[in-house]
Amino acid sequence: MSLDMPFYFFFGILGLVAGGLIVWFLMAEHPFESLETPGGPVDEAEVSLLAKEMADDGRPLDEDTITKLLGLHGDYVDGRIREAQAKAEAARLEAERARLAQESAGEQESAGEQESAGQEVV
């Protein structure tokens, strides 16, 4: 019976290691977590390859356009596009709020003028 005990101990250690690896793999943030590549500097070789492939496909694009598109894609992946969209949406909502406040102030002013004009007639 005493000979079986070391096997239990080593299998327990092996189970803890395997469980730890599984949890680490599922819970940790890995660079291979998504299919998207992280945004970063645009590689000139990648740009020339894409320009060649697009030209071969019958859709020629210049390298500056491809560089801009890859930069925008990197910004989107890194979340910088969402920040710009949120700022633009906040500015639009603030302009809409100011316009509505101005309209309601104008309506209140015209209603006040109508009341005072009605009182003078009587």
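The values are calculated or read from the model by the stated rules, or taken from the named source; none is laboratory data. What you are looking at is a predicted structure, and each value in this text was computed from that prediction instead of being measured. Here Cβ is always computed from backbone atoms with ideal geometry, including for glycine, and neighbour counts include all displayed protein chains.
Here are a few things to note about the model shown:
- Just one residue in the set A90, A95 is modelled with pLDDT of 90 or more and under 18 Å from the mean Cα position of the chain (by Cα); that residue is A90.
- Residue within region 9-27 that is within 21 Å of the chain's Cα centre (by Cα) and at pLDDT 85 or above present: no
- Selection within region 28-59 - modelled with pLDDT under 80 and acidic (D, E): E29, E33, E36
- If you go through region 52-91 and keep only what is aliphatic (A, V, I, L, M), free of Cβ contacts under 8 Å to residues at least 12 places away in the same chain and over 20 Å from P41 (Cα atoms), you end up with A55, A86, A88, A90, A91.
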